[in-house]
Amino acid sequence: MGTKSFKEIEAWQLAHKIVLEVYELTNDFPKEEIYGLISQFRRAAVSIAANIAEGYKKNGIKDKIKFYNISQGSIEECRYYILLSKDLGYGYSSEMEELLDKCSRKLFGYVKSIKENRNY
């Protein structure tokens, strides 16, 4: 049974939570990071959810998977920004790391099911 909206995809739901967590975490970063780490971190987090949403409406399997792969890359980018934020003493969120892990696993499973033609 297919979905009617990208909002029904569990990976997107987790990605949206990640965006909210990133915005909350980066609110307390030093203001001199507004055009640096804050901007990059937020952009990467938004990219996870946005690419899942965009890939959802693509017709071809290769197109769908391309956008979901971009989301996976953005997940890894966020993993680095969490580490950097911690090392710089700006803050840390173990919950965000867990959300990234869950989102990555869900997205991997979703792509696998598309390849097997169960959700396409």
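The values are calculated or read from the model by the stated rules, or taken from the named source; none is laboratory data. Everything numeric in this text was worked out from a predicted model, so none of it was measured. Ideal geometry is used to build each Cβ from the backbone, glycine not excepted, and the neighbour counts take in all protein chains shown.
Just a few scattered comments:
- Here region 1-39 is the region considered, the condition is being basic (Lys, Arg) and more than 24 Å from residue 117 (Cβ to Cβ), and the residue that is surrounded by the fewest Cβ atoms within 10 Å (Cβ to Cβ) is 31.
- Leading residue by the ranking (nearest to the chain's Cα centre (by Cα)) among those in region 40-64 that are in a helix (DSSP H, G or I) and surrounded by fewer than 17 Cβ atoms within 10 Å (Cβ to Cβ): 43
- The residue that is farthest from residue 29 (Cα to Cα), counting only those in region 78-90 that are crowded, with 17+ Cβ neighbours inside 10 Å and not aliphatic (A, V, I, L, M), is 78.
- Residue within region 6-13 that is under 18 Å from residue 108 (Cα atoms) and in a loop (DSSP other than H, G, I, E, B) present: yes
- One residue from 61, 82 being closer than 24 Å to residue 3 by Cβ and of a type in the set (Val, Ile, Thr): 61
- Every residue from region 91-108 that is crowded, with 18+ Cβ neighbours inside 10 Å, over 13 Å from residue 21 (Cα atoms) and of a type outside the set (Gly, Ala, Ser): 103, 106, 107
- Of all residue pairs spaced 6 or more apart or on separate chains, those with beta-carbon atoms under 9 Å, a first member in region 29-52 that is within 16 Å of residue 68 (Cα to Cα) and a second member that is outside any helix (DSSP H, G or I) are 52/9.
- Within region 62-120, tally of residues that are touching a Leu at 6+ places or on another chain (Cβ under 8 Å), among the hydroxyl-bearing types (Ser, Thr, Tyr) and within 14 Å of residue 11 (Cα to Cα): 2
- Condition met for residue 113 (over 10 Å from the mean Cα position of the chain (by Cα), of a type in the set (S, T, N, Q), surrounded by 13 or more Cβ atoms within 10 Å (Cβ to Cβ) and at pLDDT below 95): no
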